[in-house]
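*Asks:* One structure follows; several queries about it will come next.
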Amino acid sequence: MFRMLARLILLLAFSSAMAKTTGVAFVHGTGQQTDAYDNYWQPAMVNSVVQGLSNPANYVVINCDFSQYMWASGAAGCLATQLTSFITNNHIDDMLVITHSDGGNVMRWILSNPTYDSRYPAIIAATRWVDAIAPSSAGTPLADAVMQGNVFESSLGWLLGYQNDAVRQQQTSWMAYYNANNLLGTSGRPALPKGFWDIVGTDVTYAPWNSDAYCGGYTLNVGLEITKAWLASCADGFIECTSASAAGSQWFYDYNGVGGKTLSHNQSRRACFGLDVVLRNDL
Amino acid sequence: MKTSFSLFACFVASIASAQTATLLAPSANDQVPAKLVAPSKARDMAMQKLDHTPVSVAHAINDATLDATPKPYLAQSREFWREVAESELHAGVKFTTTAAGALVRLSPVGGKVAALDPNSIQLRAGGRTLSATAASATVADAHALRAAGMAVPEGTLAFRLAAASGKGEMVIAAPQAQGRYLLHVFEPTSTLIVGLNADRDTVLANAPITFRATLADGVHALRLVSGIVMAPDGYSANLAFTRNADGSFSATFTPDAAHSTGLQLWEAHAITTSDDHGLPVQRDAKTAFAVSEATAHFAGTAQVSKDAGALHVALDIAASNASRYQVSGVLYGTGSDGALHAIALAQSAAWVGGSTGSIDLAYAATSLKDMHAPFELRDLRLVDQASMGLIERRSHGLAFSN
């Protein structure tokens, strides 16, 4: 309700001002992507969402190395480069950013640290808001689980990055530090300069006889059955609901937004159960 | 309600008719460097990439629930990790669970990849011996776990014990094991939870930080605690935990900035042992903290002025050497109800080339609407952008009336 009201306020503001050029950016999660359009989001998701634009060509699918720390040149630096090019080349002055998982942290770094990089203020100024799908805002216990082993291995393993830095960063104690000191928008901290709207996945459907388990790829959901056991009861198989809701404002829990269905962590980046239409209508 | 915040960006403006104000006395939780230090070599390298152009931005905030008091993270553990050799796994590794439904993970370590067959792994519990497959409700290999986003090593095997497998003393054996493995046991429904926290989330180099391990379920007690700290560069040091009167354990450590690397955090790990019905229970916990170098501090004074309706607060800085420093602060003003309200967060960064300088926080006239003196600057922070290290933090920085 709040979001609908806010959207109406912004639309009224835009209609009374000069015409805006709206664009949308898709920001992937942990990992290095060179073709996130095909491999991370898949065409069905992207092509459906951009139909909500007056000019459906005004979109960019980000391809960066989010195996690095969020502030690193390959992460936030790369994201800033690609967003700046998108804004400049397409004359975008009303940008919606759709993030998934750790992509929310990288975007939140930019929103929170405008003096860190001279390109950040223009990106923030052009951003209408961020739709953060399953953001790992408070980290995930799964990152703690796989990083802890390094203590018992050689220090060389730690030094050389046995796990990638993004996994290390998403440990719960690390994200608690960054939220308290380097990122805005969590409880007790100043708000972000632009809206950061959380879509929260609450459960995983993995039973082979349930057709819902097959959206987004059944094999991707099978592992979530056991990873969910590491997490609180409300979780999408990778991110707990408390983490996905930790920064910004809650937009909706999956079952409230996609017709009573739940979105696993893999399904929430795919055109599952009408999520693409919800995002399209938000443009 | 979803609102559209304005972001104001401007270069440092000339200050007319400034009034000098003095910083408030720091509170107990504030971090204020006592003396400046020369920067480390790692910081010097990062400094070469820094921009010299000053930037000042602010955005309005209207949140009444801000809290500038640092709250160190409390890690809570229902799990442990143990590295085991193939000879141990051949003979059987004993461990204790305190609740049914434990998750057990075996991961090859040291670069060797020797995946295990769950049918060949034996679990002995309650006088029975079952294969991991038979004893478990769910089994997943590395492929499935990685597909789910869990970055486990190749050859990893994880299984969740069925409720019928019970709890208590268990033995896991893997006759086909080759090399070394990490045994990770997580008990999601256990009430035996070990906590670990630091007394602060950021510590200045060469100042002490204290860690405390607790077990406060009213039933069990910590018997033994050991630990280590790990620095971002791979350096590690033992933590000497000692028992406190309340049954918790504490250890103090003094970090050396030479092992810091930018915004990467240090970690403290506690490996604990307690008893459950006479059986030893292992719990491992970890928490993270940052180490900063006191390369600058607030000099104690600020110049407050208004320029075309905008409010400027120029904070005086003393530095041990040149760098790009970042200052931020939340401006509070008095509303029509006579109470202080958060108005805006300003963030500014500028190059400080000598031993002294000044960084200006600018609050736009539009954000000051309907607010009047007295004003306060809270959550005042000073960061060295060469390392992004938090040098100084004051929950209440400045109060002024103009």
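*Asks:* In region B:79-186, with Lys and Arg counted as +1 and Asp and Glu as -1 at Cβ, which of these residues, B:A148, B:A85, B:S165, has the Cα nearest the positive end of the dipole, that is, farthest along it?
*Replies:* The residue sitting most towards the positive pole is B:S165.
*Asks:* Okay, moving on. Which one, A:A138, A:I87, A:Q267, is farthest towards the positive end of the dipole of chain A when Lys and Arg carry +1 and Asp and Glu -1 on their Cβ?
*Replies:* So the residue we want is A:I87.
*Asks:* Let me ask something else about it. Where does chain B land on Rg/Rh, using Cα atoms and the Kirkwood Rh? Each step should come with its number before you reach the end.
*Replies:* Numbers: Rg = 27.1 Å, Rh = 24.6 Å.
With Rh from the inverse mean 1/r over Cα pairs, Rg/Rh is 1.10.
*Asks:* Find, to one decimal place in angstroms, the Kirkwood hydrodynamic radius of region B:193-292, where the mean of 1/r is taken over every pair of different Cα atoms and then inverted. Numbers along the way, then the final one.
*Replies:* Numbers: mean 1/r = 0.0720 Å⁻¹.
Kirkwood radius, region B:193-292: 13.9 Å.
*Asks:* If I build a Gaussian network model for chain B, linking alpha-carbon pairs within less than 10 angstrom, which residue out of B:R283, B:R124, B:R378 has the largest mean-square fluctuation?
*Replies:* B:R124
*Asks:* Moving on to the next point. Taking only the alpha-carbon atoms of region B:79-186, what semi-axes of the equivalent ellipsoid follow from 5 times the gyration tensor eigenvalues under a square root, in whole Å, largest first?
*Replies:* Numbers: eigenvalues 79, 50, 29 Å².
Whole-Å semi-axes of the equivalent ellipsoid: 20, 16, 12.
*Asks:* Relative contact order of chain A, please, whole-number percent, based on alpha carbon pairs below 8 angstrom and at least 6 residues apart.
*Replies:* Numbers: 549 pairs, mean separation 55.6, N = 283.
Once normalised by length, the contact order is 20 percent.
*Asks:* Over 5 Å intervals from 0, what percent of Cα-Cα pairs in chain A sits in each interval?
*Replies:* 1, 6, 12, 17, 20, 18, 13, 7, 3, 1, 0, 0, 0
*Asks:* Where is the GNM fluctuation largest for chain A (alpha-carbon springs, 10 angstrom cutoff): A:M107, A:M175, A:M147?
*Replies:* Top of the fluctuation ranking is A:M147.
*Asks:* Looking at B:T20, A:P114, B:A296, which one has the Cα that reaches farthest to the positive end of the dipole of the protein assembly as shown (charges on Cβ: Lys, Arg +1; Asp, Glu -1)?
*Replies:* B:T20
*Asks:* Moving on to the next point. Using 7 Å Cα-to-Cβ label points, what is the B:E83/B:T356 separation (nm, one decimal)?
*Replies:* Placing both labels 7 Å along Cα→Cβ, they lie 5.4 nm apart.
*Asks:* Return the distance in nm (one decimal) between the two label points of a simple spin-label model at B:E154 and B:T69, each offset 7 Å from Cα along Cα→Cβ.
*Replies:* Here the answer is 5.2 nm between the modelled labels.
*Asks:* Based on Cβ point charges of +1 for Lys and Arg and -1 for Asp and Glu, what charge dipole magnitude is obtained for chain B about its Cα centre, in debye rounded to the nearest 20? Working shown, then result.
*Replies:* Values: 30 positive and 34 negative charges, 115 e Å.
Roughly 560 debye, rounded to the nearest 20.
*Asks:* Restricting the calculation to Cα positions, tell me the Rg (one decimal) and the Dmax (whole number) of the protein assembly as shown in Å.
*Replies:* 26.0, 85
*Asks:* Distance cut-off 29 Å, Cα to Cα: go down the list B:K167/B:K286; A:K261/B:K167; A:K20/B:K49; B:K49/B:K306 and report the pairs above it. Walk me through the numbers on the way to the answer.
*Replies:* Details: B:K167/B:K286 25 Å; A:K261/B:K167 35 Å; A:K20/B:K49 35 Å; B:K49/B:K306 34 Å.
Long pairs (Cα-Cα over 29 Å): A:K261/B:K167; A:K20/B:K49; B:K49/B:K306.
Computed from the coordinates by the stated procedures, all read-outs in this text should not be read as laboratory data. Keep in mind it's a predicted model, so treat the numbers as computed, not measured. Positions of Cβ are backbone-derived with ideal geometry, glycine not excepted, and every protein chain shown enters the neighbour counts.
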